[in-house]
Every structure is written in C-alpha cells, then in structure tokens.
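This report concerns only the one structure given below.
The values are calculated or read from the model by the stated rules, or taken from the named source; none is laboratory data. All values reported here derive from a predicted model rather than from experimental measurement. Methodologically, a virtual Cβ is constructed for each residue, glycine included, from the backbone with ideal geometry; neighbour enumeration extends over all protein chains shown. The area values use the complete protein model at the heavy-atom level, side chains included, leaving out ligands, DNA and RNA. Shrake-Rupley method; radii C 1.70, N 1.55, O 1.52, S 1.80 Å.
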Amino acid sequence: MLAGCFLIIVIGLFLAKKANIFQPKEVVLPAISRDIANGMVKENECYIVRITDSYEEEFKFSKWYYMDGTEKKSIFLIGHGPDEELSYIFMKPERNSFLVKGYVHEEMTSYRKQMVFYVEDWYLIAPIKRYYGQEDYRQEQRFFYPRNYLDTYDVEQGDYYPTETYDLTCDWTCGYYLKQEGFYKIRSRWNGSELEWFLVYDDMESAKDNSGRMRYFEDGHIEKKIYIEGNSPEYLLGADVLNRGYDDLNCRDFFMVKGDLKDNGDDIERLEIYKWWIHLPFHYKNELGYWTNDRNGFSRSDIEAGIYNSYR
C-alpha cells in the first residue's frame, strides 16, 4: 500500500515537472476577454482576427481573416502584427483570436485589391491556446499553461519576443514601395577593413550601366557600389547586423530606404537617406560567428548586446 502511494507520488512529481507546474509564471502580457474584444470592434479601425485553415482562393494572399456577420473576410496585416512577436505555438490555424487596432492602408489595399490593415497594437483574446508540437521536435512541453496571459516562461523560451521598433522594419510591402519614386534597395558588406554599401537591382533591365562597377550574382540580383549620406543605418545598428561577408552570394538581408540618389559628376553616385527600414526577417551573427539568428524586430536586450544602439 505504502509502496503504491509512493509510486503515485513519484509519478505525480515527474508529471508536474514535465508539465512545468513549478516554472515561474509571472504575467508578462495579459489577454482580454471576448466580451471586451467584441465591444472594441470598429470598422476600419479595430478587428478580431484569426488564422484560417482554408485553402480557398481568397486566402492565398493572406491566412488572416475577420468575421463580417457569418462570412470570413480576408485581411492582410502589416506593421506591428502578432505574428512578428509570437512563435508558431500560438499561430496554428483556428486556435487563437487576436484584437488588432490600427487603420486600413488605402494605397496597399488598392494595389492588392484586398484589405491591407496596418496594425498599431494588438491583444490576445482569452482563452490562449499553445501548441508545442511533438516532443522529439520541441522538448519544452507544457501541459498546464496559463490561458489568460503570456508569462516569463514564454519569453525565456522565445515564444514571445516583444519588439519596440517595428517602425524600422518592412516585409513584403517593400515590393510595392520600391516601385515608387525615391525608394531604393541597398545592402552592406564588410571588405575586411571597412563597411561598403551597394545599390541592389533585382533585374538586368533596371541595372543598365556601362561603368563596369556592377557585380552580378547567381541568384539574379545585381549590385553597384555607392556612397551613402544622411540617416545611415550605421548610426543605430552594430557590426553583427551590418558586416555581411564581401563574397556573400545571396541577398536575403537588405534595407529599403527613402532618399535622394545623386551623381555629382565624378561618376560616383551618392544616396542621401531620409529614412530606412530593414527587411524581415533579418539575420545577425551569433556567438559562434554564423549568420543564423533571425529577428522580426529589436528589443531592449538587443541594446544590451550591442545589436541595436538606441531608440530613435
């Protein structure tokens, strides 16, 4: 009898540890109730959104949707969206609901022929569901977790990565803006002694130049060395983000900038930058020197690590 009770206690303690019952669960981000969320909904300003599991044509552009009566309507989120700060465990289709506040981006909506919504703030709606996947893929499993808030454990495991500088980033929207006058695509390279900047072209037609200063790469992009002035990313970003290898063949990390490209007659183009955005997700060098870590924004811990120097 005693042996049986002892066995039950041991098993119970094992399961409790497995379920992380004893993990500290300090509240980091509280969820809001469905009733509060429903009361905040306002057309063109505030929506309750979910991720669909539908493969219908309407949702090929975006998996996000909101309810218009009984009908699901596609909505594409840009700006400070929940998918930039939360990991996959919260993003499984039809599991969690979010309240997003912001505005309809009229230019992008007209361009895409589908609603594009710029998110300025978002809230999780209780109950919160987490999906960790199989244990052989994700060892950190929680069978009992808070359903009304995100906690310190979510932060420690990288499942909630709060960012405060989303205004410095861009995603697929750069494809639209780079077609507009005054927007350019640039990237940085470290030549062994100093940082160099290059104007990036994505096709041969837009890169016509007889100066011989073009560099051609197998993935199709073309680069031309330029000098930059004004609001340079160098003022805010550290070497772990900027110092890409000089012979890096791919252009997965770049900046979209708004500025003025000038040639002063010395055959050297200069780009005066007014504002810049780093493309998502961007990569930075880890402690082993590999460009593997990826981010969708900057946090205060990035300042401490020297990855991002200050808020502007």
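Here the range 47-190 exposes an accessible surface that is 48 percent carbon and sulfur, computed with a 1.4 Å probe and the other protein chains kept in place.
For Lys113, the aspartates and glutamates whose Cα comes closer than 14 Å to its Cα, not counting residues fewer than 8 places off in the same chain, are Glu57, Glu58.
What you get for the range 80-136, charging only the Cβ of Lys and Arg (+1) and of Asp and Glu (-1), is a dipole of about 260 debye around the Cα centre. Extension gain, Leu261 to Val27: 0.36 nm times the residue separation minus the Cα-Cα distance gives 79.4 nm. What the Cβ-Cβ distance of Asn191 and Lys73 gives, at R0 = 51 Å and to the nearest 0.05, is a FRET efficiency of 0.50. When the alpha carbon gyration tensor of the range 21-119 is reduced to an equivalent ellipsoid, the three semi-axes, largest first, read 25, 16, 14 Å.
For the range 51-111, the relative contact order works out to 29 percent when only alpha carbon pairs closer than 8 Å and six or more residues apart are counted.
Near Asn148, the amide H atoms lying under 5 Å from its own belong to Ile128; only residues 5 or more places off or on other chains count, and H is placed 1.01 Å from N. If you take every residue apart from Gly182 with its C-beta less than 14 Å away from the C-beta of Gly182, what net charge results, scoring Lys and Arg +1 and Asp and Glu -1? Neighbourhood net charge equals +2. Mean sequence separation of contacting Cα pairs (under 8 Å, at least six apart), scaled by the length of the range 88-148, corresponds to a relative contact order of 35 percent.
Extension gain, Ser110 to Lys92, is 3.6 nm, computed as 0.36 nm per intervening residue step minus the present C-alpha separation. Annotation: extensible slack from Tyr235 through Glu304 equals 23.3 nm (criterion: 0.36 nm per residue apart, minus Cα-Cα distance).
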